[in-house]
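Below: one structure, written as structure tokens.
All of the numbers you see were taken from the coordinates with simple rules; none came from a lab. Only a predicted model underlies this, so the values are computations on that prediction, with no experimental measurement involved. Cβ coordinates were reconstructed from backbone atoms using ideal geometry, including for glycine residues, and neighbour counts include every protein chain displayed.
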């Protein structure tokens with residue numbers, strides 16, 4: 001939507017700031033028969049994070065292939081959000097929906113773009129990444145169906161074209177709505193870009209909807225991404241102990257959607273607040289009559 005807004009030239013020279021994020025964990029949905037608590041546990045793949053992107057008519061980092069899009073969706077109860085900060089669903093069904101959407105959205109892309117080959121048209125591939133195994137399964141399914149590749153070819157192709165995009169996703173865990181953007185940043189940061197390289201992108205949303213699109217990354221864009229030092233920021237994080245992790249999950253409901261008044265404890269896991277020594281960061285201090293008040297901490 002941001003790209004189409006820029007292309008429309010309704011505001012010449014304008015830019016769009018896109019922030020992609022989501023809820024940090026599943027909360028238990030009580031009272032049902034089908035959606036059990038199994039869906040709500042804090043699974044090891046869960047993560048928390050966000051990605052901010054600036055979209056403009058001067059795409060230094062990643063230039064979208066205009067008009068090269070394939071869309072696919074259908075009604076399926078793989079995941080639902082009965083409340084703004086709660087989620088429930090069927091994990092197995094979600095996996096099958098993801099596989100179907102990856103295949104069908106690419107086939108729609110293929111209808112719009114001439115002479116497209118899944119194995120040769122894209123130098124790299126980036127995926128919505130709940131966890132690495134789902135991405136590997138989707139890529140394996142595509143290589144089998146689209147190009148009749150054998151297991152050895154699939155493994156080599158996965159390591160070469162897909163693995164660069166998994167680096168940051170593995171380190172953060174599943175950040176849901178921001179995972180494809182994070183995978184794209186990881187791909188550009190870790191790819192070999194001695195010459196312009198086309199990247200195929202698969203985006204998925206439960207319920208479900210999906211898109212396969214593409215764009216081009218260059219060495220100049222890679223330099224800009226590397227200048228952000230994303231890996232260094234990840235290295236400066238505080239590693240939670242198991243006790244801190246358990247305490248965090250128990251206290252994660254302190255700020256729910258629509259919280260009216262709350263004052264946050266600055267002594268809560270203090271090492272996490274000071275992990276980025278030398279960098280100024282913004283922390284939520286309190287919510288007062290729905291108004292959020294923040295503070296800068298060095």
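Just to be sure I understand, if you calculate semi-axes √(5λ) of the Cα gyration tensor in Å for this structure, which of (i) 28, 26, 19; (ii) 32, 22, 18; (iii) 33, 25, 20 do you get?
Given (i) 28, 26, 19; (ii) 32, 22, 18; (iii) 33, 25, 20, the structure-derived one carries the label (iii).
Would you mind ranking 234, 172 so that the residue whose beta carbon has the fewest other beta carbons within 10 Å leads the list?
With the sparsest Cβ surroundings first, the list reads 234, 172.
What does the helix-only formula give at 222 nm for the chain: each DSSP H stretch with n ≥ 4 adding -39500 (n - 2.57), the total divided by the residues, and the result rounded to the nearest 500 deg cm²/dmol?
My calculation for the chain gives -9500 deg cm²/dmol from helical runs alone.
Please build a GNM for the chain, connecting alpha carbons under 10 Å apart, and tell me which residue among 219, 16, 86 fluctuates the most.
In the Gaussian network model the winner is 16.
From Cα pairs below 8 angstrom and at least 6 apart in sequence, can you work out the relative contact order of the chain, rounded to a whole percent?
Computed over the chain, the figure is 19 percent.
What is the order of 179, 58, 163, 126, fewest Cβ neighbours within 10 Å to most? Walk me through the numbers on the way to the answer.
Working: 179 29, 58 9, 163 18, 126 32.
Fewest-to-most Cβ neighbours within 10 Å comes out as 58, 163, 179, 126.
In whole Å, what is the distance between the alpha-carbon centres of segment 118-157 and segment 192-240?
Centre-to-centre (Cα) distance: 17 Å.
Which ordering of 103, 108 is given by a fewest-first count of other beta-carbon atoms within 10 Å? Please report the intermediate quantities before stating the final value.
Numbers: 103 19, 108 16.
With the fewest neighbours first, 103, 108 line up as 108, 103.
Nearest 10 degrees, 0 to 90: what angle lies between the long axis of helix 132-147 and the longest principal axis of the chain (Cα atoms)?
On a 0 to 90 degree scale, this one is about 10.
So if each residue of separation counts as 0.36 nm, and I subtract the Cα-Cα distance between residue 279 and residue 56, what length gain in nm does that give?
77.5 nm
With angles folded into 0 to 90 degrees, how steeply does helix 91-112 sit against the dominant principal axis of the chain? Use alpha carbons for both and round to 10.
40 degrees
Quick one: check the C-alpha center-to-center distance for segment 275-298 versus segment 80-114, whole angstrom.
With segment 275-298 and segment 80-114 each reduced to a Cα centre, they are spaced 36 Å.
Gaussian network model of the chain, Cα springs within a sub-10 Å range: biggest mean-square fluctuation belongs to which of 267, 73, 133?
In the Gaussian network model the winner is 267.
Would you kindly state how much longer the chain becomes between residue 219 and residue 80 on full extension, computed as 0.36 nm times their sequence separation minus their alpha carbon distance, in nm to one decimal?
Here the segment from residue 219 to residue 80 would lengthen by 46.0 nm.
Give me the angle, in degrees from 0 to 90, between the Cα long axis of helix 179-190 and the longest principal axis of the Cα atoms of the chain, rounded to the nearest 10.
For 179-190 against the chain, the angle is about 70 degrees.
Quick one: if you stick a label point 7 Å off each Cα along the C-beta vector at residue 11 and residue 160, how many nm between them?
Using points 7 Å along Cα→Cβ, the separation is 4.3 nm.
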